[in-house]
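Here is the structure we will look at, set down as structure tokens.
The values are calculated or read from the model by the stated rules, or taken from the named source; none is laboratory data. Computed from a predicted model, the values in this text were never measured in an experiment. All Cβ positions, even for glycine, are placed from backbone atoms using ideal geometry, and neighbour counts span all protein chains on display.
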Amino acid sequence: ETGVTQSPTHLIKTRGQQVTLRCSSQSGHNTVSWYQQALGQGPQFIFQYYREEENGRGNFPPRFSGLQFPNYSSELNVNALELDDSALYLCASSPIDVASHEQYFGPGTRLTVT
Amino acid sequence: GNSVTQMEGPVTLSEEAFLTINCTYTATGYPSLFWYVQYPGEGLQLLLKATKADDKGSNKGFEATYRKETTSFHLEKGSVQVSDSAVYFCALSDSTGGSYIPTFGRGTSLIVHP
């Protein structure tokens with residue numbers, strides 16, 4: 001069984017640029033969630049996708065957007081990058097039909113904005 | 001809204017010492033509760049979970065009991081090892097209008113010395 005994978009591993013961008021991060025969910029999982037984890041902090045929920053539709057959103061501005069594809073993989077797009085966007089971005093998949101709705105995390109993408 | 005509060009770290013212990021990491025929560029519904037562990041440079045891994053009051057989650061010698069009366073989910077281990085050094089996150093997941101929005105604590109760093 002393949003786990004959650006993310007690409008790229010590391011990324012350096014300049015303020016004002018746009019970035020796309022990618023995630024492949026674990027086999028059999030139909031839900032993908034994205035998180036931002038600043039250094040020394042817990043993951044902050046950005047949004048969740050279920051069967052290609054946004055299924056919940058945290059307190060992030062509209063320049064954070066996403067997509068989920070028919071194979072349940074997902075993208076996180078961030079426009080007009082700001083210095084505070086520097087963080088580890090985590091993707092997690094889960095089988096939403098399971099009552100416990102536990103999350104299975106990928107290794108993350110480390111984004112640095114200069 | 002939902003929230004999770006964890007004890008401040010770092011927690012520093014000698015090998016074979018007893019571990020407790022406190023976690024309390026606030027939730028409007030009946031959440032599932034989780035402990036995740038994050039090793040340096042990696043994503044989060046599910047350590048254990050409990051889905052209803054009085055449930056005890058356990059894994060790899062770690063235990064936590066879902067206490068509804070005290071809204072707590074404290075993590076314990078009888079004898080820690082150096083390899084347990086990591087950051088531990090308490091989390092809850094609650095169904096709100098069909099969306100499972102997870103909330104994480106800030107994390108507690110555990111350092112175990114030989």
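Structure above, values below:
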read-out: Residue check, A:SER65 within 12 Å of the chain's Cα centre (by Cα) and either crowded, with 22+ Cβ neighbours inside 10 Å or away from chain B (no Cβ under 11 Å) (or both); value: yes
read-out: Residue match in region A:15-27 (condition: under 14 Å from the mean Cα position of the chain (by Cα) and among the basic types (Lys, Arg)); value: yes
read-out: Any chance B:GLY61 is surrounded by fewer than 16 Cβ atoms within 10 Å (Cβ to Cβ), modelled with pLDDT of 95 or more and in contact with a strand residue (DSSP E or B) (Cβ under 6 Å, 6 or more places away or on another chain); value: yes
read-out: Number of the exception - A:GLN36 against (1) more than 13 Å from chain B (Cβ to nearest Cβ); (2) not in a loop (DSSP other than H, G, I, E, B); value: (1)
read-out: Test: residue in region A:40-51 that is more than 9 Å from every other protein chain (Cβ to nearest Cβ), surrounded by 13 or more Cβ atoms within 10 Å (Cβ to Cβ) and in a loop (DSSP other than H, G, I, E, B); value: no
read-out: Every residue from region A:26-45 that is touching a residue at least 60 places away in the same chain (Cβ under 8 Å) and of a type in the set (A, V, I, L, M, F, W, C); value: A:VAL32
read-out: Answer from A:ARG15, A:ARG22 - the residue that is closer than 14 Å to A:VAL78 by Cβ and not in a strand (DSSP E or B); value: A:ARG15
read-out: Lone unmet requirement of (1) farther than 23 Å from B:TYR88 by Cα; (2) within 11 Å of another protein chain (Cβ to nearest Cβ); (3) outside any strand (DSSP E or B) for A:ASN55; value: (3)
read-out: Which numbered condition A:VAL4 fails, given (1) at negative phi; (2) surrounded by fewer than 17 Cβ atoms within 10 Å (Cβ to Cβ); value: (2)
read-out: Unmet criterion (only one of (1) crowded, with 20+ Cβ neighbours inside 10 Å; (2) over 22 Å from A:VAL4 (Cα atoms)) for B:GLU16; value: (1)
read-out: Strands (runs of 3 or more DSSP E) contained in chain B and holding at least 3 residues within 14 Å of another protein chain (Cβ to nearest Cβ) and more than 28 Å from A:THR109 (Cβ to Cβ); value: none
read-out: Residue in region A:89-97 that is facing chain B (nearest Cβ under 10 Å) and either assigned to a loop (DSSP other than H, G, I, E, B) or farther than 26 Å from B:GLY107 by Cβ (or both) present; value: yes
